[in-house]
Each structure stands twice: as C-alpha cells, then as structure tokens.
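This report concerns only the one structure given below.
The values are calculated or read from the model by the stated rules, or taken from the named source; none is laboratory data. Values in this document were obtained by computation on a predicted structure and should not be read as measured data. Cβ coordinates were reconstructed from backbone atoms using ideal geometry, including for glycine residues, and neighbour counts include every protein chain displayed.
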Amino acid sequence: MRIVFGWILMMAMAGAAMAGDNGIIRKQAAGGVAETVDALASAMEGAGITVFARVDHGAGAQSIGEDIGASQLLIFGNPKVGTPAMKDDPVAGLFLPLKVLVFEDGTGKTMIAYEDPKAMLEKLGGVSEDAAYLNVMTGALAKFTDGVAQ
C-alpha cells in the first residue's frame, strides 16, 4: 500500500512539474529572472535560433507604479521549424514564434513557463499531432529550459 501510494504521489508530482491540464509546462529555474533569460537567449542564439524580443513585464508594471515582481518573456523561433506549421495551417502564426516566460513567483522562486507545442497547436485543424516539427519544438523547449532549471 505504501509503495503504491508513494508511486502515485511521485507520478502526480512529476505531472504537476511538467504540464498542467492547460498544456502549460512549469519548471523552477536555478538563477534569477534576468540571469535565466540571459542564459536561455544565449543558448538559443548559439543553436541558430533567432531571439525576436525580450519583453520585461516587471519593468512595464513599474512604469505605472505597480509591482508584479521580476517577469520577462522571451520570444524566439526558427523559420525552418515554424514555416512547415504555418504551411499546414496558416493560423499557426497566432502561436508562433514560440515564447518562454520567466518570472518570480509569490514565494520568491524563479519559475519558467511555456505552452506545450502539441497542446498549443492541436487547437488547429490543419496541424497533425504527429507532425515532425512538433517533436522538434517540444524537444528544443525541453532542452533549453532544462538547461536553466534546477
């Protein structure tokens, strides 16, 4: 009984750390928000991925006298991967380029969040769930975020 309960608890915790019901994957980062986004951007650019923008939500909030803590969104992509998705369904352009949010949660932990590409694009009728580019997107997001996660 204890072994079964422990296994169930371990699986539940692993699922919670990976993806919620809404397809959002969350991981705890090893460093602070700016440091984590710097590391992600550097690794991505080193792999030939274009970083299109870095949005500082925390600074935006501060500009109106509000405080949401440190929060930055990294927007990035690779036309070799995204173009086939948009050829399958042009509406995929609403979801691309890909994004990773790095933020400080209410307890002071630096968290990484991104939407699972399969969950994100399955909403579209023209994108097959076994499309090769989905595996590339999923693998790249996991690799880069795991590299900065604890």
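Going through segment 36-66 one residue at a time, which ones are over 22 Å from Phe95 (Cα atoms), without any contact (Cβ under 8 Å) to a residue 60 or more places away in the chain and not small (Gly, Ala, Ser)? Asp38, Gln62, Ile64, Glu66, listed by residue number.
Can you tell me which residue within segment 91-115, out of those that are out of contact with any helix residue (DSSP H, G or I) (no Cβ under 7 Å at 6 or more places or on another chain) and surrounded by 18 or more Cβ atoms within 10 Å (Cβ to Cβ), is nearest to Gln72 (Cα to Cα)? Quick ask: steps written out before the conclusion?
Step one: of segment 91-115, the residues out of contact with any helix residue (DSSP H, G or I) (no Cβ under 7 Å at 6 or more places or on another chain) are 91, 94, 99, 101, 105-109, 111, 113, 115.
Next, only the ones that are surrounded by 18 or more Cβ atoms within 10 Å (Cβ to Cβ) stay: 99, 101, 111, 115.
Details: Lys99: 10, Leu101: 6, Met111: 11, Glu115: 15 Å.
Step by step, filter segment 91-115, then rank; the result is Leu101.
The residue pairs whose first member lies in segment 67-83 and is farther than 24 Å from Ala131 by Cα, whose second member is surrounded by 17 or more Cβ atoms within 10 Å (Cβ to Cβ) and among the aromatic types (Phe, Trp, Tyr), and whose beta carbons are closer than 7 Å, counting only pairs six or more residues apart or on different chains, are Gly69/Phe103; Ala70/Phe103; Ser71/Phe103. Only residues that are out of contact with any helix residue (DSSP H, G or I) (no Cβ under 8 Å at 6 or more places or on another chain) and touching a residue at least 24 places away in the same chain (Cβ under 8 Å) were counted across segment 116-125, and they come to 3. Residues that are hydrophobic (A, V, I, L, M, F, W, C) and in a loop (DSSP other than H, G, I, E, B) were ranked within segment 110-136; the one that is nearest to Val91 (Cα to Cα) is Leu124.
Kindly indicate the residue of segment 92-104 that is in a loop (DSSP other than H, G, I, E, B) and touching a residue at least 24 places away in the same chain (Cβ under 8 Å) and also nearest to Asp38 (Cα to Cα) among those meeting that condition. Taking the candidates together, the pick is Pro97. Listed by position, the helices (runs of 4 or more DSSP H) enclosed by segment 1-76 that each have at least 3 residues that are under 16 Å from Ile112 (Cβ atoms), out of contact with any His (no Cβ under 7 Å at 6 or more places or on another chain) and at pLDDT 95 or above are 33-46.
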